[in-house]
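Read through the structure below, which is laid out as structure tokens, and then see the notes.
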Amino acid sequence: RGLVKNITKFASFRALSIDYRLAPEHQFPAALEDAEKAYDWLLENGYSPENIAVAGDSAGGCLTLALLLKRKEVEKPLPSCAVTMSPWTDLTGSGASVRLRNHIDDMLDGTKLNETAALYHGETPATHPLVSPLFGDLENLPPLLIQVGTDEILWDDACSFAEKAKMAGNDCTLEVYENMPHVFQLGADFVPEAKVAVKKITEFVNTKIN
């Protein structure tokens, strides 16, 4: 809630923060279904897709991107833009940074990443594009802002997705923050880099929504 507050503090928009179902009690696709319901609720209550931005951090970043792919799959209107902070895009854990940066990531443990992922995706393969958006068809997505710190195991998750999104012809901005840990934006009340990142998010959404 603190992160949402900081993003909207000086914004021209309001935020809806959803309490989606969590694993392991509720495995895939429960969280995605809840995200879809929240998005449809906005449409049913008079918000047009051009006035909606979707955002999430870490696993929520994965859910944000999966929502875009799901909306595209069923040929429903996409939001104006999307923002992800330290997104988890590859639940197979194939990114080299999972191993190479594990010793400097103070927030996540790369040795337990696959175990944690399995609690979410269950019997659905980790390569399923709605589980791991990195493996999805990334053409025709809305403008994307992806933020990542250099000191996190999900570095490759963010950078690989951004590269693939750009290659698919999308408007995708990757912002890299030196020596920052996983979801450093949570410290926007006292960390200068986090304040800058949150301001960038606000500005990005302000320019994209109508």
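Filter the stretch 103-119 for residues that are open to solvent by less than 40 Å² (accessible area, probe 1.4 Å) and in contact (Cβ under 8 Å) with a residue 40 or more places away in the chain; which is nearest to E178 (Cα to Cα)?
Restricting to residues being open to solvent by less than 40 Å² (accessible area, probe 1.4 Å) and in contact (Cβ under 8 Å) with a residue 40 or more places away in the chain, the top hit is D105.
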Practice item. Just name the residue that is surrounded by the most Cβ atoms within 10 Å (Cβ to Cβ) out of those in the stretch 169-201 that are in contact with a Gly (Cβ under 9 Å, 6 or more places away or on another chain) and either in a strand (DSSP E or B) or aromatic (F, W, Y) (or both). Key: F184
Check your understanding: Do we have A31 as open to solvent by less than 10 Å² (accessible area, probe 1.4 Å), at pLDDT 95 or above and either β-branched (V, I, T) or closer than 22 Å to Q147 by Cβ (or both) here?
Key -> yes
Practice item. Residue by residue through the stretch 55-96, note down the ones that are small (G, A, S), under 8 Å from the mean Cα position of the chain (by Cα) and assigned to a loop (DSSP other than H, G, I, E, B). Key: S58, S86
Review point. What is the number of the single condition among (1) assigned to a helix (DSSP H, G or I); (2) in contact (Cβ under 8 Å) with a residue 60 or more places away in the chain; (3) in contact with a Leu (Cβ under 6 Å, 6 or more places away or on another chain) that L141 does not meet?
Key: (1)
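Restricting to the stretch 143-168, name every residue that is open to solvent by less than 10 Å² (accessible area, probe 1.4 Å) and either of a type outside the set (A, V, I, L, M, F, W, C) or within 25 Å of Q27 (Cβ to Cβ) (or both).
Correct list: Q147, G149, E152, I153, L154, D157, A158, F161.
The values are calculated or read from the model by the stated rules, or taken from the named source; none is laboratory data. Because the structure is predicted, anything quoted here is derived from the model rather than measured. In this analysis, Cβ positions are derived from the backbone assuming ideal geometry, glycine residues included, and neighbour counts consider all displayed protein chains. Calculation scope for accessible area: heavy atoms of the full protein, side chains included, ligands and nucleic acids excluded. Shrake-Rupley method; radii C 1.70, N 1.55, O 1.52, S 1.80 Å.
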